[in-house]
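Input: a single structure, listed below in C-alpha cells.
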C-alpha cells in the first residue's frame, strides 16, 4: 500500500503550525514541498531537514490543471520508494490534493491529511475586520477562480496571487461582477496588514504566492452587476405578499401568457435587426418571463426555478447521448431521428401517431402546420419540393377560377406553402413576418411593394 501524508504548513511560521505537523516535517523520510518559494523553506534549512520541491512544474505545465495533475503523478511515483510527506499551505484550497485523490493508483493507497492551522484560518485572522460576523466567506485559489460559481452576495477570499499576470486574470474575472472603482482588500504578504484598493489596481501591485485579496460580499441592492440568483431574489421581492408590487402579486400562469409570446417575438425582432445590445436587452425580458412563471409556480407550491433547471438539464443530457454518453451518430440526419425517438419516450408517445396527435396546438398556425408536416413524414412520406410547389400553383389556379373565395381552399393553399417551406428547411413564420415588414415599408413609402432581386 502506498501512502502520502499531507501536512498543512500555513504561512510557514512554526509557532502557527500544529505540533503534529511539525513532528511530521521533522520525521519525514521523503519530504516534498509544493514550492520552496515559501517561508517554511527557511525553517527547514535552519533545522537541516532535507526536502525537494515541485517548482519545476510551474514552468513546464501548459496550464494550472495540467500542472496539478503532473504534481500528483510525480508524488505517486515517489511513493514507489516509500511513504511521502507532502507539505502545502492549505489542504482545503490546494488543487494538487484533488488530483492526488483522483489519480490514486489503487483503492487501498492512502492519502492522509493531518490537522493543523490552515492558510485559510491565518488569512481570516488578517482580514477579520472586513469579514462578516456570520462567517459567510468563500475561499479559493486564484488559479481555480475561473471555474468558481461566484456569488457576489458572499465574501470571496482569493489566495495565491502568485504574480501580476494571475492577478490580472482575477481582476478580469471579477470585473464581470464589479465596477473598476469598487474596493477590494489586498494583502501583499502575511507580514503586512491588508489595504483597500480599487479593483482596477489589483494587478498593479507586486504579488507573490503569499498575496491574497478579499472581495467583500454585497447585496444586490448596492450593485450594478447581477447574477441569475439576484434576478430570482428581485422576483421574490416583487411578489412579496406584504411589500411587493400589487400587479406582480396578482399575476397567474394564464395572465402572463401574452407577455411570453410578446417577449419571444421582440427577441426575434432584435435578432433580425442584428443589434447585439438590443438582443441582450430583449433576452433579459424573455428570461424574466421564465423567472416570473417559476415564481408563480413557487407561490402555488407546484414547482420553482430549481425544478425548471432540473428538467432542462436532465433533458439536454438525455437528448445528447453522443455528447454526454457513449453513442455515436453518422450524421445530423441520424441524430435527428434519435432525438425524435428520445422525445417520444420522454412524452410517453409510443408511436408516431401519438407524437403527431400531441403537437402543441398553441403554436402559431404556420409553425403548427410545419410541425404537423414534419411529424407526419414517417406515416406518409412527404412529396418532393417540386410537387409541393406544383400543389401551390394548382390551389392558386383553383382559387382564381372561382367567383367567391373558398376558405377551405385558401387554407389548403397556406398548408401547401407551409409544406413547401418545411421541405426546403425554411421557417414560414419568419418568412411571412419579413414579407409583412416589406409590405409595411412599401405602404409607408407610398410606392409599390418592393420586389426581391
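The values are calculated or read from the model by the stated rules, or taken from the named source; none is laboratory data. Just so you know, these numbers come straight off a predicted model, no measurement behind them. Neighbour counts run over all protein chains shown; Cβ positions are idealised from the backbone, glycine included.
Observations, loosely collected:
- Note on the stretch 239-352: enclosed helices (runs of 4 or more DSSP H) holding 2 or more residues that are free of Cβ contacts under 8 Å to residues at least 60 places away in the same chain and either in the same structural domain as residue 376 (by TED's automatic domain parsing) or within 30 Å of residue 427 (Cβ to Cβ) (or both) are 257-273, 276-300, 305-319, 321-324, 332-346.
- Residue within the stretch 381-400 that is surrounded by fewer than 17 Cβ atoms within 10 Å (Cβ to Cβ), in contact with a helix residue (DSSP H, G or I) (Cβ under 8 Å, 6 or more places away or on another chain) and within 30 Å of residue 318 (Cα to Cα) present: yes
- Count of the stretch 141-164 residues which are surrounded by fewer than 18 Cβ atoms within 10 Å (Cβ to Cβ) and under 23 Å from residue 191 (Cβ atoms): 2
- Considering residues of the stretch 346-378 that are under 26 Å from residue 321 (Cα atoms) and loosely packed, with under 11 Cβ neighbours inside 10 Å only, the residue modelled with the highest pLDDT: 360
- Residue check, residue 61 touching a helix residue (DSSP H, G or I) at 6+ places or on another chain (Cβ under 6 Å), surrounded by fewer than 16 Cβ atoms within 10 Å (Cβ to Cβ) and not assigned by TED's automatic domain parsing to the domain that holds residue 162: yes
- Residue match in the stretch 27-39 (condition: at pLDDT 90 or above, surrounded by 14 or more Cβ atoms within 10 Å (Cβ to Cβ) and either part of a helix (DSSP H, G or I) or not assigned by TED's automatic domain parsing to the domain that holds residue 112 (or both)): no
- Restricting attention to the stretch 64-97 and to residues that are part of a loop (DSSP other than H, G, I, E, B) and touching a helix residue (DSSP H, G or I) at 6+ places or on another chain (Cβ under 9 Å), the residue that is surrounded by the fewest Cβ atoms within 10 Å (Cβ to Cβ) turns out to be 92.
- Residue 115 being over 25 Å from residue 203 (Cβ atoms) and in contact with a helix residue (DSSP H, G or I) (Cβ under 9 Å, 6 or more places away or on another chain): yes
- If only residues of the stretch 128-137 that are assigned to a loop (DSSP other than H, G, I, E, B) and touching a strand residue (DSSP E or B) at 6+ places or on another chain (Cβ under 8 Å) are counted, the one that is nearest to residue 211 (Cα to Cα) is 131.
- Cβ-Cβ distances below 7 Å connect the following pairs, each with a first residue in the stretch 406-430 that is in the same structural domain as residue 388 (by TED's automatic domain parsing), a second residue that is surrounded by fewer than 14 Cβ atoms within 10 Å (Cβ to Cβ) and not in a helix (DSSP H, G or I), and a separation of six or more residues or different chains: 429/364.
- Strands (runs of 3 or more DSSP E) completely within the stretch 138-237 that count 2 or more residues being in the same structural domain as residue 249 (by TED's automatic domain parsing) and over 24 Å from the mean Cα position of the chain (by Cα): none
- Under the condition of being within 24 Å of residue 171 (Cβ to Cβ), surrounded by 13 or more Cβ atoms within 10 Å (Cβ to Cβ) and under 28 Å from the mean Cα position of the chain (by Cα), the residues counted in the stretch 98-137 number 3.
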